[in-house]
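Working notes, structure below.
Every number here is computed from the coordinates shown, using simple stated rules; none is lab data. Because the structure is predicted, anything quoted here is derived from the model rather than measured. Using ideal geometry, Cβ is built from the backbone for each residue, glycine included, and neighbour counts are taken over all protein chains shown.
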Amino acid sequence: MPPPILPPTVAVLERGWLSANSVVGFEPDGSATVVDTGYVQHAAQTVALVGELLRARPLRRIVNTHLHSDHCGGNAALQAAHGGPAACAIEVPAGELDAVNAWDEDALSFRATAQRAAGFRAARGIAAGDAVMIGGLRWQAHAAPGHDPHALMFFEPGSGVLISGDALWQDGFGVIFPELRGEPAFGAQRDTLERIAALRPRCVIPGHGEPFGDVDAALQRARQRLDAFVADPLRHARHGVRVLLKFHLLQHADAVPRDALRQWFAAAPLLAEVGRRYWPRQTLEALFDETLDALCRAGAAHDDGRCVANRG
Ligand SMILES: [Zn+2]
């Protein structure tokens with residue numbers, strides 16, 4: 001499979017799992033657009049990397065596929081570095097516009113997941129069916145519920161490129177968060193995968209990982225993964241808890257005291273809720289021990305009994 005070809009006016013900044021990819025579009029009027037801005041901890045790095053790509057170009061728009069902390073954490077810093085709200089407008093999925101502008105951390109996911117974000121205000125909401133200009137090209141906004149009920153993806157028919165956010169990765173997709181809260185969303189994720197299949201993209205720029213061209217194979221893996229979760233929702237819940245703990249560990253360059261990590265785990269409302277819903281006879285401490293154990297066995301963490309370090 002040859003490497004996927006991106007339009008010459010589109011660049012991708014890839015940084016692993018703590019910070020989602022940023023897509024930079026170079027506009028014909030000399031300005032630029034950025035789609036997704038990484039985690040707040042990387043905000044200064046995001047500003048520097050985008051600045052290097054833009055040189056003297058003004059950044060006029062920031063667009064978010066969805067408002068998870070690893071996708072919008074650099075919005076505030078990037079906007080501030082490019083002239084503030086008057087010069088650089090932030091556009092978010094329409095379903096989140098009110099929650100963003102009220103900075104309602106309960107409606108947004110930051111409080112539930114005990115993740116961090118820096119507040120910002122959005123100028124506009126983007127709805128499914130809207131056209132979004134990125135890199136001088138006209139992208140269609142498509143609904144991408146499942147991982148996040150308000151998520152959007154952007155498709156450009158001429159190049160066949162899809163910016164998928166966390167709806168489709170080369171190997172899987174993001175945790176189906178509504179399911180963790182008892183709200184059915186596996187069906188929505190299935191519909192989103194079929195919506196992608198119907199678009200027949202030639203290249204996907206995922207929220208994490210490098211752009212890929214073997215879209216059919218990725219869709220096949222995603223369908224199989226979804227089938228396995230539907231057949232065994234506990235497996236998905238276990239996966240979701242591991243992802244949240246791993247994401248927290250990714251924020252620490254140094255080892256974290258095990259007690260502090262356990263306290264963080266116990267204080268994250270979503271983890272407590274998942275524990276109550278899926279393992280009502282098990283304590284949260286036992287869920288923490290089991291989850292950390294699983295991460296260690298997978299080589300994703302190291303626990304010496306006193307401190308826990310990120311691995312892999
Ligand atoms: Zn996400």
Rough spin-label spacing in nm, given labels placed 7 Å along Cα→Cβ, for Gln220 and Arg202: 2.2 nm
Just check the stretch 209-306 against the gyration tensor rule for me: Cα atoms, a ≥ b ≥ c as the square roots of the eigenvalues, rounded for a/c under 1.5, and otherwise prolate or oblate depending on whether a/b exceeds b/c. oblate
Working out 0.36 nm times the residue gap between Asp259 and Arg235, then minus their Cα-Cα distance, what length gain in nm do you get to one decimal? 6.0 nm
Angle between the Cα long axis of helix 258-267 and the longest principal axis of the chain, 0 to 90 degrees, nearest 10? 70 degrees
Just to confirm the number: angle between the C-alpha axis of helix 284-297 and the first principal axis of the chain, 0 to 90 degrees, nearest 10? 70 degrees
Note on the stretch 10-230: alpha-carbon gyration tensor, axes a ≥ b ≥ c; rule is a/c under 1.5 for rounded, else prolate if a/b larger than b/c, else oblate; result oblate
Among beta bridges that DSSP assigns inside the chain, antiparallel share in %, nearest 5: 65 percent
The extension gain from Asp29 to Ala107, computed as 0.36 nm times the residue separation minus the Cα-Cα distance, is 24.4 nm
In whole Hz, the Karplus estimates of ³J(HN,Hα) for the stretch 70-83 (6.51, -1.76, 1.60; θ = phi - 60°; x where Gly or Pro) are 7, 10, 10, x, x, 3, 5, 5, 5, 5, 5, 6, 10, x
For the stretch 47-101 and the stretch 137-162, what is the centre-to-centre distance using only Cα atoms, to the nearest Å? 18 Å
Computed, not fitted: 222 nm per-residue ellipticity of the chain from DSSP H runs ≥ 4 (each -39500 (n - 2.57)), nearest 500, equal to -11000 deg cm²/dmol
From phi via Karplus (6.51, -1.76, 1.60), per-residue ³J(HN,Hα) for the stretch 181-187 in Hz, x at Gly/Pro: 9, x, 9, x, 8, 4, x
The simple spin-label model distance between Arg138 and Gln251, using points 7 Å out along Cα→Cβ, in nm, is 4.2 nm
Enumerate the amide H contacts of Val12 below 5 Å, restricted to partners 5 or more residues apart or on another chain; note that Pro and chain-start residues carry no placed amide H. Val24
Under the Karplus curve 6.51 cos²θ - 1.76 cosθ + 1.60, θ = phi - 60°, whole-Hz ³J(HN,Hα) for the stretch 226-231, x wherever Gly or Pro sits: 5, 4, 5, 5, 5, 5
Once you put a point 7 Å from the Cα of Ala86 and another 7 Å from the Cα of Glu273, both along the Cβ direction, what distance in nm separates them? 4.0 nm
Residues whose built amide H sits under 5 Å from the amide H of Gly74, excluding neighbours closer than 5 in sequence, are Thr37, Gly38
